[in-house]
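Colleague: Here it is: the structure, laid out below.
Please treat every number below as a calculation from the coordinates, not as lab data. Not measured: the values here are computed from a predicted model. When we count neighbours, we look across all protein chains shown, and the Cβ atoms used for this are built from the backbone with ideal geometry, even at glycine.
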Amino acid sequence: MGRGRALEAATGTIRQRMMARLATGWASAKELSALLHIGEKEVYGHLRHIEKSVARFGGVLVVKPAICRDCGFVFKKRDRLTKPGSCPICQGTFVEEPLFALEQRG
Ligand SMILES: [Zn+2]
């Protein structure tokens, strides 16, 4: 088994564990990063892959958008996977993280 293959297998395992966790209900990128011992940036990369791959099986990656805890603004339009830095309405930085889950559709 070459290095590439080994890396691919390890990545597959991380993605499978992430999918298994998401299938049980809402999780934040922070929680997934702690669970799988990878950086939050990597979590977002895997989430994008998961979103595409589950679509083939009728699955959907559902996203609860980030919310400003100060004024309640919902970050719908922004890149919806990553956590925004501050609120465009009140400039508050107390932003609730977006949450992710897997659902079966169809
Ligand atoms: Zn706000």
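Colleague: Determine, yes or no, whether G58 is away from the ligand (no atom under 16 Å from the Cβ) and either of a type outside the set (K, R) or loosely packed, with under 12 Cβ neighbours inside 10 Å (or both).
Modeller: yes
Colleague: On to the next question. What do you reckon, is V95 over 15 Å from the mean Cα position of the chain (by Cα), within 16 Å of the ligand (Cβ to nearest atom) and either surrounded by 15 or more Cβ atoms within 10 Å (Cβ to Cβ) or in contact (Cβ under 8 Å) with a residue 24 or more places away in the chain (or both)?
Modeller: yes
Colleague: In region 61-82, which residues are surrounded by 15 or more Cβ atoms within 10 Å (Cβ to Cβ) and away from the ligand (no atom under 14 Å from the Cβ)?
Modeller: Of everything in region 61-82, those that are surrounded by 15 or more Cβ atoms within 10 Å (Cβ to Cβ) and away from the ligand (no atom under 14 Å from the Cβ) turn out to be L61, V63, K64, L81, T82.
Colleague: Look through region 9-30, keep the residues that are part of a loop (DSSP other than H, G, I, E, B) and in contact with a strand residue (DSSP E or B) (Cβ under 7 Å, 6 or more places away or on another chain), and return whichever of them is nearest to V43 (Cα to Cα).
Modeller: Ranking the candidates gives W26 first.
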